[in-house]
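The values are calculated or read from the model by the stated rules, or taken from the named source; none is laboratory data. These numbers were taken from a predicted model, which means no experiment stands behind them. FYI the Cβ positions are ideal-geometry reconstructions off the backbone, even for glycines, and counts take in every protein chain you see.
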Amino acid sequence: MAVNNGEPGSAERQSGFTRRGFISAGATTATLPLIAGRALAGTPAQRAEAPDGDGKMNVTLRVNGQDQRLGLDSRTSLLDALRDHIGVTGTKKGCDHGQCGACTVLMDGKRVLSCMTLAVMAQGQDITTIEGLARPDGELHPMQQAFIDNDAFQCGYCTPGQILSAIGCVNEGHAGSDAEIREYMSGNLCRCAAYPNIVAAVQQAKTEMKEA
């Protein structure tokens, strides 16, 4: 997801997809229960257990290295599962329509919009939120430190999603230049317009991430 160059109509990408694609995906909301049902027929590692007596599915999510067993409605988004059922509130709810990027998390190292991802479809994958980036001894991830060093935030509401998206951007190999960073971070909106500092933070952190 990503940083916006501030120009109306600029291309906005999220993990290789345009933001327009994510908006279009919103039109398929009515089919989400059907998609969730298909999780029942997945591989053993991904399969959600059949609904229990109250109509909820037993879902196990691996979040920041810890397994979380939950009873969820099949339509529950990953974002709501994280915030409301696990208590991992660093992942922010912005638009809830896949347009702002505030809810970005990493799933098996790839950035996803958690508001547009069903929790039942996230089984068997490693989910990383902002809370899972720092080392056990408290040392910050290079991207977190770079955001601090470059004052790459103001109100801070979008910052967790920006940082996770920036890590994904670097890992995907899309941080070769300022222009490329702006393009591949354009799905993450910053209402405070800290975009130049966000680009600087990504440039600082990418070298340290490669050396780690």
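Residue count for the stretch 51-79 under the criterion of being within 21 Å of Ile163 (Cβ to Cβ) and not in a strand (DSSP E or B): the result is 4. The number of residues in the stretch 131-184 being over 19 Å from Gly65 (Cα atoms), charged (D, E, K, R) and touching a Ser or Thr at 6+ places or on another chain (Cβ under 9 Å) comes to 3. Does Thr89 satisfy the condition of being at pLDDT 95 or above, within 17 Å of Met185 (Cβ to Cβ) and of a type in the set (Val, Ile, Thr)? So Thr89 fails the test. With respect to the stated conditions, Glu131 fails to be charged (D, E, K, R), more than 16 Å from Leu78 (Cα to Cα) and surrounded by fewer than 23 Cβ atoms within 10 Å (Cβ to Cβ). Does the stretch 72-81 include one or more residues that are closer than 20 Å to Ile198 by Cβ and buried (at least 19 other Cβ atoms within 10 Å of the Cβ)? The answer is no; no qualifying residue exists. Screening Gln123, Gln99 for residues that are under 21 Å from Gly71 (Cβ atoms), surrounded by fewer than 24 Cβ atoms within 10 Å (Cβ to Cβ) and in contact (Cβ under 8 Å) with a residue 60 or more places away in the chain leaves exactly one candidate, Gln123.
Output yes when any residue across the stretch 35-50 is modelled with pLDDT of 70 or more and either within 17 Å of Val105 (Cα to Cα) or over 23 Å from the mean Cα position of the chain (by Cα) (or both), and no when none is. Checking the stretch 35-50: not a single residue is modelled with pLDDT of 70 or more and either within 17 Å of Val105 (Cα to Cα) or over 23 Å from the mean Cα position of the chain (by Cα) (or both).
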